[in-house]
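The values are calculated or read from the model by the stated rules, or taken from the named source; none is laboratory data. Just so it is clear, the structure is predicted and the values come from calculations on it, not from any experiment. Reconstructed Cβ throughout: ideal geometry from the backbone, glycine too, with neighbour counts over all protein chains shown.
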Amino acid sequence: MKKLIIIFTLFFSLAFLNVNAAVEIKKFDNEQQEQRYNYIIDELRCLVCQNQNISGSNAGLAKDLRNQVHKMILAGEDDEAIFEFMVTRYGDFVLYRPPFKATTFFLWVGPFIILVMGIFVLIRFIGKRKKTVVTELSNTDKEKLKQLLNKDKEQSK
């Protein structure tokens with residue numbers, strides 16, 4: 001029993017060891033710069049993970065992007081310049097809220113198109129289900145069915 005407790009303790013201590021590995025400490029000149037940094041890294045998408053911002057990603061590229069944002073803030077760049085730099089380098093996909101334009105049309109409209117298509121398919125599927133007609137068996141068909149069932153029961157015995 002003691003071995004089992006030791007194994008569980010080691011397992012859980014190793015499992016939570018990774019949580020501390022993702023913490024980065026960045027030094028800023030003032031509190032405003034730190035708030036800007038946190039805002040910007042929350043607004044930029046990790047290009048490796050694609051469904052996570054760079055503040056929560058452990059990917060190498062996300063770490064590089066965080067370092068770049070940190071350097072640019074310390075260099076005195078404003079938020080717009082930082083976002084423009086990222087978009088120029090990585091495209092509109094790096095933004096969690098890309099602007100609505102021809103190149104991002106499907107990012108904005110795509111989910112609605114898929115929703116409408118799904119509703120259309122669902123309506124057609126339900127419509128076909130309702131059109132199924134149940135017919136009554138004639139007396140001769142019922143007799144044939146009984147005979148077949150009786151034959152099947154006799155063969156299985």
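Is it the case, given these coordinates, that Tyr96 is in contact with a helix residue (DSSP H, G or I) (Cβ under 7 Å, 6 or more places away or on another chain) and surrounded by 10 or more Cβ atoms within 10 Å (Cβ to Cβ)? The answer is yes for Tyr96.
Does the range 59-78 contain any residue that is among the charged types (D, E, K, R), surrounded by fewer than 10 Cβ atoms within 10 Å (Cβ to Cβ) and either in contact (Cβ under 8 Å) with a residue 60 or more places away in the chain or out of contact with any Phe, Trp or Tyr (no Cβ under 8 Å at 6 or more places or on another chain) (or both)? No, that holds for no residue. For Pro98, the conditions (1) in contact with a Ser or Thr (Cβ under 7 Å, 6 or more places away or on another chain); (2) at pLDDT 85 or above are fulfilled apart from (2).
Of all the numbered requirements in (1) hydroxyl-bearing (Ser, Thr, Tyr); (2) within 20 Å of Leu107 (Cβ to Cβ); (3) assigned to a helix (DSSP H, G or I), Ser57 misses one, and that requirement is (3). Which ones in the range 84-100 are closer than 14 Å to Val48 by Cα and without any contact (Cβ under 8 Å) to a residue 40 or more places away in the chain? Within the range 84-100, just Gly91 meets the criteria. All of (1) polar (S, T, N, Q); (2) within 18 Å of Val94 (Cα to Cα); (3) touching a residue at least 40 places away in the same chain (Cβ under 8 Å) hold for Gln33 with one exception: (2). Based on this model, can you work out whether Gln52 counts as modelled with pLDDT of 90 or more and under 28 Å from Phe93 (Cα atoms)? When the stated conditions are applied, Gln52 does not pass them.
Only one entry of Leu61, Leu74, Leu95 meets the criterion of being over 19 Å from Arg36 (Cβ atoms) and assigned by TED's automatic domain parsing to the domain that holds Ile41, and that entry is Leu61.
Right, Glu77: at pLDDT 90 or above and not in a helix (DSSP H, G or I) or not? So Glu77 fits the description; yes.
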